[in-house]
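The values are calculated or read from the model by the stated rules, or taken from the named source; none is laboratory data. Here the structure is a predicted model, which means the values were calculated and not measured. All Cβ positions, glycine included, derive from the backbone under ideal geometry; neighbour counts span all protein chains shown.
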Amino acid sequence: MSVSPRRALVVIDVQNEYVTGKLLIEHPPVQTSLFNIGLAMDAARAASIPVIVVQHDAPKDAPLFAKGSAGWELHPLVAERRADHRVNKSMASAFTGTGLAQWLAEKAIDTLAVVGYMTHNCCAATIYHASHDGLNVEFLADAAGAPSYENAAGSASAEEIHRVFSTVFHSSFAAVTTTENWIAAVNGGRAIERDNIYLSNQRTKRATPGGLSARHAVHI
């Protein structure tokens, strides 16, 4: 008999900077991700799943997330909902220098569901950190998002960034799902399975070399 996951929902950096400020979320559309973040928080509350709200702090003279500025403030959708635990951070990972790992351990949490911003930065750092610490991780891809980038290394659209990181997460680090499916899993007390690196690669080929099947694949 399978054991139901002991989940917590972490809501990462849902701050005005991403919605009305200087670093606008482009994909998925920010109003879509905000709506789904609200749904996830409400579903977690209804299921007695702890909700952790994370806020990024930057120095007062920083161009983004300057502490005390309008862009630094939590978006009302999150600010007006109850949190069981609050984390203020200065690095990308919600774990670094915050005591979050200890808080989760004290609550016997084994599965961390991640929503918020940005997919490739603070969500990614938190997902990798949680996975490396032995937690099962879930990423609600329609309750997160990214902007587009261009620099000396190249350029990438918001859709590309979000899609590629989501694909990589699901190959090893986190089970990527929709908010609707996550809520169904919560209500059903079931885990959401991630994929593995081997099969994620093999699906890009017309035939699996040597006739290997899924039963030979392991999580790498």
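Condition check: in contact with a helix residue (DSSP H, G or I) (Cβ under 7 Å, 6 or more places away or on another chain) and surrounded by 14 or more Cβ atoms within 10 Å (Cβ to Cβ). Does Gly21 satisfy that? No; evaluated as a whole, the condition is false for this residue.
Quick one: which residue in Glu150, Glu159 is touching a His at 6+ places or on another chain (Cβ under 7 Å) and over 20 Å from Val87 (Cα atoms)?
On the way: Glu150 fails: touching a His at 6+ places or on another chain (Cβ under 7 Å).
Going through Glu150, Glu159 in turn, the sole match is Glu159.
There is no residue in region 141-151 that is buried (at least 16 other Cβ atoms within 10 Å of the Cβ), touching a Leu at 6+ places or on another chain (Cβ under 7 Å) and either within 12 Å of Val10 (Cβ to Cβ) or of a type in the set (D, E, K, R) (or both). Look at region 69-97: where a residue is free of Cβ contacts under 8 Å to residues at least 60 places away in the same chain and a partner is part of a strand (DSSP E or B) and surrounded by fewer than 18 Cβ atoms within 10 Å (Cβ to Cβ), sitting 6+ places away or on another chain with Cβ atoms under 7 Å, you get Trp72/Ala66. In region 144-159, the residues that are more than 18 Å from Thr177 (Cα to Cα) reach residues that are loosely packed, with under 14 Cβ neighbours inside 10 Å and not acidic (Asp, Glu) with C-beta atoms within less than 8 angstrom, at least six apart or across chains, in these pairs: Ser148/Ser155; Tyr149/Ser155.
Filtered by the rule that a residue be in a loop (DSSP other than H, G, I, E, B) and in contact (Cβ under 8 Å) with a residue 60 or more places away in the chain, region 38-65 gives Ala47, Ile49. Here is the figure for region 54-84: residues that are touching a helix residue (DSSP H, G or I) at 6+ places or on another chain (Cβ under 6 Å) and either over 13 Å from Glu17 (Cβ atoms) or modelled with pLDDT under 95 (or both) total 2. Considering region 165-179, and only residues there that are touching a residue at least 40 places away in the same chain (Cβ under 8 Å) and either of a type in the set (A, V, I, L, M, F, W, C) or touching a helix residue (DSSP H, G or I) at 6+ places or on another chain (Cβ under 6 Å) (or both), the residue that is surrounded by the fewest Cβ atoms within 10 Å (Cβ to Cβ) turns out to be Ser172. The set of residues in region 6-32 being part of a strand (DSSP E or B) and touching a Gly at 6+ places or on another chain (Cβ under 7 Å) consists of Val11, Ile12, Gln15, His27.
The rows are residues; the columns are (1) crowded, with 22+ Cβ neighbours inside 10 Å; (2) closer than 18 Å to Ile49 by Cα; (3) among the polar types (S, T, N, Q).
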residue: Leu112; (1), (2), (3): yes, yes, no
residue: Thr119; (1), (2), (3): yes, no, yes
residue: His129; (1), (2), (3): no, no, no
residue: Glu159; (1), (2), (3): no, no, no
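Residues considered: Ala113, Ala125, Ala92, Ala108. Of these, the only one that is on the phi > 0 side of the Ramachandran plot, among the hydrophobic types (A, V, I, L, M, F, W, C) and modelled with pLDDT of 95 or more is Ala108.
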